[in-house]
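**Q** I'd like to ask you about the structure that follows.
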Amino acid sequence: MTKKEKEYLDSLPAFNEWQNEYYKQHPEEIELLEQAMLEELEEYPEMPVEAFLGQIRRIAELRGIARLAKASGLNRESLYKTLSPKGNPTLHTLNKIAAAMGCRLAFVPLKTARGKQS
C-alpha cells in the first residue's frame, strides 16, 4: 500500500456505536451511504481496493451480515474475510454481494469534462 493510499484510508471517518444505532433507526439513509460510496469511486477511480471493500463492509454490517450472507449464498465468515482489507474477491463473489445488496456491477462509459464519452 502506498503512502497516498494509507493516507486515504486513514482519512475515512470511523463509525462509532452512536452512528451505527442511528443507521439502524434510519435504514433509508443507508442508501445515501451506498450512493456516496459509488460517487466517490467514480470521482476517485484510483481508490485503494481496501477502502472500497471497507465501505462495502460498513454498509453490509449496517444492513446485517447474516441477512447478506443468506441472500448472497455466502457464509458469514467468508463475507468478513472477503470484505476485509486483505480480501481479494473474485468478480463472481462481488457480483453475488452486489446483488444481495440490491445493486449490480456495471461497465458504464466514462465522460470527459465536456460530457463526451472518452
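**Q** Based on what the data block shows, is Met37 in contact with a helix residue (DSSP H, G or I) (Cβ under 7 Å, 6 or more places away or on another chain), surrounded by 13 or more Cβ atoms within 10 Å (Cβ to Cβ) and farther than 20 Å from Ala100 by Cα?
**A** Judged against the criteria, Met37 is not a match.
**Q** Would you call Gly87 farther than 23 Å from Trp18 by Cα and modelled with pLDDT of 85 or more? Step through it out loud before you land on a result.
**A** Working: farther than 23 Å from Trp18 by Cα: yes; modelled with pLDDT of 85 or more: yes.
Yes, satisfied.
**Q** Which one of these does Ala51 not meet: (1) surrounded by 10 or more Cβ atoms within 10 Å (Cβ to Cβ); (2) at pLDDT below 85?
**A** (2)
**Q** Within region 62-75, take every residue that is modelled with pLDDT of 90 or more and not aliphatic (A, V, I, L, M) and give me the one that is nearest to Trp18 (Cα to Cα).
**A** Ranking the candidates gives Arg67 first.
**Q** Among the helices (runs of 4 or more DSSP H) contained in region 1-67, which hold 1 or more residues that are under 15 Å from the mean Cα position of the chain (by Cα)? If you could, list the steps in order and put the result at the bottom.
**A** On the way: elements: 3-11, 17-25, 30-43, 49-63.
Per the criteria, 3-11, 30-43, 49-63.
Per-residue answers, yes or no, for (1) modelled with pLDDT of 85 or more; (2) acidic (Asp, Glu); (3) in a helix (DSSP H, G or I):
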position	(1), (2), (3)
Glu77	yes, yes, yes
Tyr80	yes, no, yes
Thr93	yes, no, yes
Arg104	yes, no, no
Val108	no, no, no
Ala113	no, no, no
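**Q** I'd like the full set of residues that are touching a residue at least 24 places away in the same chain (Cβ under 8 Å) and either touching a Pro at 6+ places or on another chain (Cβ under 9 Å) or over 15 Å from Ile30 (Cβ atoms) (or both), limited to region 58-68.
**A** Leu62, Arg63
The values are calculated or read from the model by the stated rules, or taken from the named source; none is laboratory data. Please read these numbers as outputs of a predicted model, since none were measured by experiment. So basically every Cβ, Gly included, is an ideal-geometry build from the backbone, and we count neighbours across all protein chains shown.
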